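First up is the structure itself, then whatever we jot down about it.
The values are calculated or read from the model by the stated rules, or taken from the named source; none is laboratory data. Quick caveat, the model's predicted, so the values are computed rather than measured. Counting neighbours? That spans all protein chains shown, and the Cβs are built from the backbone with ideal geometry, glycine included.
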Amino acid sequence: MWAFLLGCTTAPSSDTAGSTDSVDTAETGDTAAPTAYCDDGTVARPFDFTAAGADYGGLAGDVTVPTDAGDWSLGSTWTGCDSYVFIGVSATDGYTSLLLDDDLAQLLKKGPEHAHYVLFADASAADAPALQAQLRTLVDASLDAIPANRRDEWATRVHVATVRAADAPGWIGALFAAYQFPVVGVDHAQTIREVGYLADPLTNWTTATWETLGYEVQLYEFEAQRQARLDAEGATVVRVFDAADTRTADWTGAATIELPDAATMASFNRVEVDVTLACGGPWYDACPAWDTSDYFWRCENDDPATEADESQTCEEMSRIITGYWRGGRWVTDGRHQLPALLDGGAHTFRYTGSMANIVTVDLRFYHDEASFSPIGAQQLWWETGDFWDATYDERHATHPVDIPADATHVELVAILTGHGSDGHGCGEFCPSEQTFTLNGGAAWSVDFPTAGSRDGCAERVATDGSLPNQAGTWTYGRNGWCPGLAVAPVAWDVSADALAGTENTVGYQALLRGEPYVTDGDGNLDVGVWVVWGN
């Protein structure tokens, strides 16, 4: 689904040979500047030398850092395929100082290879030279510990500055001085990024590790891949919430938005929900402290000027588990709600969640040639906080659904998460298996085998964009979810067992390690299930 970026085919300002596309202009005969590509096919963004860099979210300007190997500059090493991290390391702060006793080779072994790390001594003028020498010793030892065929490349990518963190040049020094922790990143889009908390929750946050720094770069690479996919879709984007501040008195969580007309909507067979949550300040100051389930809803009979109540009819379109003290961006499939939007015109949507601060939501409509066209859907189950106990399967055994006679393709779509805890760690930390059938036919199952594992969610940074380095237990695997990650709907093609033009029966069972769950406890399953049909 996702691959690591493996460097640029050609850099914007490089003599390196590689794959480029150039276009001759008809009127002048000139050749347009070639487009450079990374090895994975994503476009390598040229460096914007007009940028100055001011704060997180802005474009990083060029900056030159004196190092023990000579001057290093961001602009001259820029490829559009690399990530950059600048960090001040102290010998006494009890946070970054822990990195001095950690194995930097773990960063080089496990972190993405196409990154630059610039290390600054965060010390007084008198103590800085000794700390810089200690950092160089740490870097050299890590290079000796990695395979020889990777050593030379990494030697050009880990840099020890010969100026203190307090004297870091340009926007780097300004950000080091303005915020609590002297660490900042730059992603593939040249955007200045706030870096999360590097301490390891597995040691009760007493150990900062180099490996955790690599997770930040994994996120940048995932985001570059995702943006390339979104750009290729050519979607029609409709904004629902535009940096709405949920802390204000006029926030109701609802908005009525005008969609394209029905003729235009008929040209789409896919919709995605694109959610960005921001903190309204530095993560360690303004972000909410806890992970919560946030929901984006498609609603009917809804007055957007009022808070949600029982009179409204809303169905879940997207579910996000927020991060501990970090904002982020998530894009999820909303195909199960597309049929209800095909008439176009005015529709009302809601966002609910106790921990969101600044909310931006876009709907992305597009046509996927390889996909069917949804024209109808029925919600079967939707519930939160329903206890997963010995009677759960009995309460959810079957559900009827009428599939129209003109349906040629039928899918079952489910959004599934487990929460709470009992003696088995259920439902948050136990590996449930949830199985569905249609008319007693083949079983379609999804399981979550990494629930309760040490690194189940950390391993999803690279593959799914789970937010890294949160100030909470973000690394542990969960039952269908991770803190700081949208819950991806699971979709199965059940057309072979569907009976068009009559009533069908969907069966559902939740298993624990392959067996029916028999213990009464405090765990619960939050379940949304739909049947979607089309042609």
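So the values come out like this:
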quantity	calculated
Scan of region 197-242 for residues that are of a type outside the set (Val, Ile, Thr), buried (at least 18 other Cβ atoms within 10 Å of the Cβ) and farther than 29 Å from Asp39 by Cβ, ordered by number	Tyr197, Ala199, Asp200, Pro201, Ala208, Phe241
Every residue from region 61-92 that is among the hydroxyl-bearing types (Ser, Thr, Tyr) and surrounded by fewer than 22 Cβ atoms within 10 Å (Cβ to Cβ)	Thr64, Thr67, Ser73, Ser76, Thr77, Ser90, Thr92
Yes/no for Thr360 being under 30 Å from Asp250 (Cβ atoms) and touching a strand residue (DSSP E or B) at 6+ places or on another chain (Cβ under 6 Å)	yes
Residue that is surrounded by the most Cβ atoms within 10 Å (Cβ to Cβ) [pool: residues in region 452-465 that are free of Cβ contacts under 8 Å to residues at least 40 places away in the same chain and in a loop (DSSP other than H, G, I, E, B)]	Cys457
Leading residue by the ranking (surrounded by the most Cβ atoms within 10 Å (Cβ to Cβ)) among those in region 312-328 that are charged (D, E, K, R) and under 28 Å from Ala340 (Cα atoms)	Arg319
Complete set of residues in region 126-167 that are among the small types (Gly, Ala, Ser) and in contact with a strand residue (DSSP E or B) (Cβ under 6 Å, 6 or more places away or on another chain)	Ala128, Ala161, Ala165
Residue match in region 477-500 (condition: buried (at least 21 other Cβ atoms within 10 Å of the Cβ) and among the hydroxyl-bearing types (Ser, Thr, Tyr))	no
Residues (surrounded by 21 or more Cβ atoms within 10 Å (Cβ to Cβ) and modelled with pLDDT of 95 or more) located in region 507-524	Tyr508
Residue satisfying all of: in region 400-451; among the aliphatic types (A, V, I, L, M), outside any strand (DSSP E or B) and touching a strand residue (DSSP E or B) at 6+ places or on another chain (Cβ under 6 Å); nearest to Trp474 (Cα to Cα) among these	Ala443
All positions within region 354-365 that are out of contact with any Lys or Arg (no Cβ under 6 Å at 6 or more places or on another chain), surrounded by fewer than 21 Cβ atoms within 10 Å (Cβ to Cβ) and of a type outside the set (S, T, N, Q)	Met355, Ile358, Arg364
Count of region 119-153 residues which are exposed (fewer than 13 other Cβ atoms within 10 Å of the Cβ), part of a helix (DSSP H, G or I) and either under 33 Å from the mean Cα position of the chain (by Cα) or not hydrophobic (A, V, I, L, M, F, W, C) (or both)	4
Residue match in region 414-425 (condition: at pLDDT below 95, closer than 26 Å to Gln378 by Cα, charged (D, E, K, R) and outside the structural domain of Asp200 (by TED's automatic domain parsing))	no
Number of positions in region 154-205 that are assigned to a strand (DSSP E or B), touching a His at 6+ places or on another chain (Cβ under 9 Å) and of a type outside the set (A, V, I, L, M, F, W, C)	1
Failed item, numbered, when Phe372 is tested on (1) buried (at least 19 other Cβ atoms within 10 Å of the Cβ); (2) assigned to a strand (DSSP E or B)	(2)
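Conditions (1) touching a Phe, Trp or Tyr at 6+ places or on another chain (Cβ under 6 Å); (2) under 25 Å from Gly58 (Cβ atoms); (3) in contact (Cβ under 8 Å) with a residue 24 or more places away in the chain; (4) not hydroxyl-bearing (Ser, Thr, Tyr), marked per residue:
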| residue | (1), (2), (3), (4) |
| --- | --- |
| Leu198 | no, yes, yes, yes |
| Thr212 | no, yes, yes, no |
| Tyr220 | no, yes, yes, no |
| Arg239 | no, yes, yes, yes |
| Ala244 | no, yes, yes, yes |
| Trp251 | no, no, no, yes |
| Asp261 | no, no, yes, yes |
